Structures are given as structure tokens and as C-alpha cells.
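This report refers to the structure that appears directly beneath it.
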Amino acid sequence: MLFSKIVSSRFVSAIAATGCLLAGFSAPILAQNNSGLTIFSGVERPNQLGYYLDFGGNRDQRDRYRLRVPSDKMELGVKTFAISYPDYYDGKFDVDSVEVVAEGQSIPIDEVVWNKPDRVLLIYLADPIEAGKSVELVLSNVRNPRWGGTYYFEGRAAAPGDVPLPRYLGTWIVSIQ
């Protein structure tokens, strides 16, 4: 009887000590892949757009950005998308690896232009996307910036026509770890 009490108390002590030791070690945590909840950003909640980073958003690594535009932001048809980014973003885009998907269907692209001095990526579509469709701008083979941080990507869209004036769609608040 006494032997079983000693064994059980040692067993409980060993379990407790192991738990304390394991609590001191943190398991590797995957980087944030999506927009999640942003509390203090300076961008009003209705203007925050969702995104997903396929490969974890690790600094100085290759990644795929999925920048989403919900259907309620697509009030007019779109012929051109413009994605501007801050001057401290030193990542690199691959203009040959850009795709536009509307309602799950790939949209033909006429041309993608990376205007580095003005810090904007322009996506010209072969055919306009109709109003009211959700859109995903897929930027593959992106080289993430060398430094982790928060980067505000501003989305604009221009409707087809003689004088296409880009209108604000919203902001993707991209977090790189």
C-alpha cells in the first residue's frame, strides 16, 4: 500500500515536471497566412480586404499572394487592376506569374506591368470582369521582403471605357513574418 502511494506520487510529480519543462519550449508556429483580425490599422474595417499567403509569409522567401476582392466591392465592371504598395516594401513580383480568378474561373490577362518607380503593379485584362463578381488576384513566385513587418497594399480598379478612372477597392494589410 505504501509502495503504491510512493510510486503514484512519483508518477504525478514526474508528469508535473514534464509538463513544466514542455511549457518552457514553444512548438514551432506557422506564420500567419491570412488577414485575420486587425484592430488598429488606420484602415476602416469595411475597406480592409482579405488575403492569403500560400507559403506562410516568411521574410526573404518565395510566396504566393492571393489578394481577394469581395463581390460587394465590384460595383462596376473592371478592365484594369492596380495594386500599389509602400516604399519600404522591397519584395519582388514576377509579372509572368500573375492570374486573375473571378467566381472560380481564370480570366485572360492582356498584360502585367510592374511600375517600380511608382510602386504599382498594373494588371490589364483581355476582357472586362462583370460587376458583382468576387475576384482573387493571384501573384505567384513573389519574393517576400527581407524584413518582416506590415505592408499596406492598396487595390484600385478601372472600368472599361475611354477615360478609365481607377476607383478605390480597399486595402490588403499584408503581414510578413
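The values are calculated or read from the model by the stated rules, or taken from the named source; none is laboratory data. Just so you know, these numbers come straight off a predicted model, no measurement behind them. Don't worry about glycine lacking a Cβ; one is built from the backbone with ideal geometry, like all the others, and counts go over all protein chains shown. For accessibility, only protein heavy atoms count, side chains too; no ligands or nucleic acids. Shrake-Rupley method; radii C 1.70, N 1.55, O 1.52, S 1.80 Å.
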Hey, ASP54 exposed (fewer than 15 other Cβ atoms within 10 Å of the Cβ), of a type in the set (D, E, K, R), within 21 Å of VAL135 (Cβ to Cβ) and under 10 Å from the mean Cα position of the chain (by Cα) or not = yes
key: Odd one out for SER35, checked against (1) polar (S, T, N, Q); (2) surrounded by 17 or more Cβ atoms within 10 Å (Cβ to Cβ); (3) at pLDDT 95 or above   = (3)
task = Inspect all residues belonging to segment 130-144 and state whether any of them is under 22 Å from ARG45 (Cα atoms), under 13 Å from the mean Cα position of the chain (by Cα), assigned to a strand (DSSP E or B) and in contact (Cβ under 8 Å) with a residue 60 or more places away in the chain.
result = yes
task = Please work out which one of (1) surrounded by 13 or more Cβ atoms within 10 Å (Cβ to Cβ); (2) within 19 Å of GLU75 (Cβ to Cβ) is the condition GLU130 fails and give its number.
result = (1)
key: Residue pairs meeting the criteria (Cβ under 7 Å; at least 6 apart or on separate chains; first without any contact (Cβ under 8 Å) to a residue 40 or more places away in the chain, in segment 80-105; second open to solvent by 70 Å² or more (accessible area, probe 1.4 Å))   = ASP87/ARG119
request  = Name the single residue, out of those in segment 152-176 being surrounded by fewer than 18 Cβ atoms within 10 Å (Cβ to Cβ) and in a strand (DSSP E or B), that is nearest to the chain's Cα centre (by Cα).
outcome  = TYR152
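Test VAL100 against the criterion of being touching a strand residue (DSSP E or B) at 6+ places or on another chain (Cβ under 9 Å), in a strand (DSSP E or B), surrounded by fewer than 18 Cβ atoms within 10 Å (Cβ to Cβ) and of a type outside the set (Phe, Trp, Tyr), and give yes or no. Explain how you work it out, then say what you get.
On the way: touching a strand residue (DSSP E or B) at 6+ places or on another chain (Cβ under 9 Å): yes; in a strand (DSSP E or B): yes; surrounded by fewer than 18 Cβ atoms within 10 Å (Cβ to Cβ): no; of a type outside the set (Phe, Trp, Tyr): yes.
So VAL100 fails the test.
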